[in-house]
Every structure is written in C-alpha cells, then in structure tokens.
1. Classify region 34-97 as rounded, prolate or oblate, taking a ≥ b ≥ c as the square roots of the eigenvalues of its Cα gyration tensor: rounded when a/c is under 1.5, otherwise prolate if a/b is larger than b/c and oblate if not.
2. What is the gain in length, in nm to one decimal, between R34 and A81 on full extension, counting 0.36 nm per residue of separation less the C-alpha to C-alpha distance?
3. What is the sum of charges around E48, taking Lys and Arg as +1, Asp and Glu as -1, for the other residues whose C-beta is under 13 Å from the C-beta of E48?
4. State which helices in the chain qualify, where a helix is a whole DSSP H run, it must extend 20 Å or more along its own axis by its Cα atoms, and its mean Kyte-Doolittle hydropathy must be at least -1.0.
5. Out of region 53-88, which GluC sites (Glu not before Pro) are coil in DSSP terms and have no more than 16 other C-beta atoms within 10 Å?
6. Less than 11 Å Cβ to Cβ from E78, Lys/Arg counted +1 and Asp/Glu -1: what total charge do the surrounding residues give?
7. Provide K39, K51 ordered by accessible surface of protein heavy atoms (probe 1.4 Å), highest first.
8. Would you work out the relative contact order for the chain, in percent, from Cα pairs under 8 angstrom that are 6 or more residues apart?
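The values are calculated or read from the model by the stated rules, or taken from the named source; none is laboratory data. Quick caveat, the model's predicted, so the values are computed rather than measured. Reconstructed Cβ throughout: ideal geometry from the backbone, glycine too, with neighbour counts over all protein chains shown. In case anyone asks, the SASA skips ligands and DNA or RNA and just uses the protein heavy atoms, side chains included. Shrake-Rupley method; radii C 1.70, N 1.55, O 1.52, S 1.80 Å.
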Amino acid sequence: WGLLEEWGHQSSGDGMQHFGSLFAGTLPSSSHARWLEGKDGLKEALVEAFKFAFKLQYDVQVYGQDESDAGVASLFAELDADWYLGAEGGQGWAAAVEAGRRNLMAV
C-alpha cells in the first residue's frame, strides 16, 4: 500500500479518479510526479503515451483493433493526426475543435 500512496492514491477508491486525472494530464502529488515536472517535455510525453495506450486497448477490446506492429503504428499515426485525447472543455479541447480535429475523446 505504501507504493500506491507514494504515487498519490489516498484510498483504494481513488483508481478511477486517478485514471481520469492522468488522462487529463494531471499527475498525482508524489515524489515521482515532482521528478517528472523538472524534466523538459518528459511529463507531456508520458501523459500522451498513457492516452495512446488507453485508446489502443479500448479499440482492441471494443472494436477488435489490429494489434500487429503495423496496426498499432497505423492507429498511433491516426491518433496523432486526427484525434484529441484529453480533458473536455479546456484550452486543448477548444484548440482541437478550432483546428478541425474530427475526433475528440475525454474520460
């Protein structure tokens, strides 16, 4: 349990809230998150990788997405070009709408 607390969980009920916060780009308060804050671009890359991994698993489970290397590369290219994954209603969401992103996903 100490490890979970170290990553910002206060109780076992924090799982979905923790997931939603990560998807929105907010890391829990922990020494690990503070370490990431000091690394230029690493936090953003980690959060983006988390969102891509979630979308990949969602598509695999719901739609039967191709899990081959080529299928994953194709999905990631599509996500990068045509999708906004993140918090609804913030600056990123508004920018995606204004830019004409056809696909928006928030958790």
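1. Cα axes put region 34-97 in the oblate bin.
2. 13.9 nm
3. Neighbour charge sum, excluding E48 itself: +1.
4. 42-63
5. Passing both the DSSP loop test and the Cβ count: E67, E88.
6. With Lys, Arg at +1 and Asp, Glu at -1, the neighbours total -1.
7. The residues order as K39, K51, largest area first.
8. Answer for the chain is 23 percent.
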